Amino acid sequence: MRKLYLPALALFVGALYACVTSHVMIGTARPPISPALVQIYFHPPAAKYDEIAMLDTSSRGAFAITAQGKTDAVIQRLKEEAAKLGANGVLLQGVGDQTGGSISTGFGQATASGNTAYGSGIGISGNVTNKAGSGIAIYVQPN
């Protein structure tokens, strides 16, 4: 029975990870390259470049807790998606917070004795935030 759980879990996690990045083609894709070769640009590069696709992603499903870790996950996912399209650069449009839901828990107790009753409770809630980012996958022409 345990043998069935592992593949199902791997499929679920893979599907969850696959859903966090999307692209819309605005140019022509090129052969895929390594994500390590993709550079992030905060301003348009001085060299001539071609726009390939608009990219959107988030840190949802990433094993990151800190804001920096979530931002790193967004940047890495943008690079990976750009690399699949043959882009050697991403013109970063922005990274920001995205509400991902909330987590809540509570505890209550009550006692009664004769004509007297007493009750108390406590609750706690916290927001779950992800980072979301967007950019344009570009191919920067070699000099």
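Seen against the Cα atoms of the chain and their longest principal axis, helix 2-18 is set at about 60 degrees. Which label marks the calculated value of Kirkwood radius over Cα pairs in Å, given the options [x] 18.1; [y] 15.2; [z] 16.6? Computing Kirkwood radius over Cα pairs in Å and matching it to [x] 18.1; [y] 15.2; [z] 16.6 gives [x]. Length gained on full extension, ASP72 to SER113, computed as 0.36 nm times the residue gap minus the Cα-Cα distance: 9.0 nm. Per-peptide packing, taken as the mean over residues of other Cβ atoms within 10 Å, places 41-49, 23-31 in the sequence 23-31, 41-49 from highest down. Placing dummy labels 7 Å off each Cα toward the beta-carbon, the span from ALA46 to ILE26 is 2.4 nm. For the range 20-140, the relative contact order is 36 percent, taking Cα pairs closer than 8 Å that sit 6 or more residues apart in sequence and dividing their mean separation by the residue count.
Here's how it looks for VAL90: its modeled amide H is under 5 Å from those of GLN39, ILE40, TYR41, ILE138, which are all 5 or more places away or on a different chain. The dipole here belongs to the chain: it is taken about the Cα centre, uses +1 on the Cβ of Lys and Arg and -1 on the Cβ of Asp and Glu, and is about 360 debye.
For the pair SER120 and ALA36, the difference between a 0.36 nm per residue extended length and the Cα-Cα distance amounts to 24.6 nm.
Read-outs: derived from the displayed coordinates by stated rules, not from any lab. Just so it is clear, the model here is predicted, and its values are computed rather than measured. All Cβ positions, even for glycine, are placed from backbone atoms using ideal geometry, and neighbour counts span all protein chains on display.
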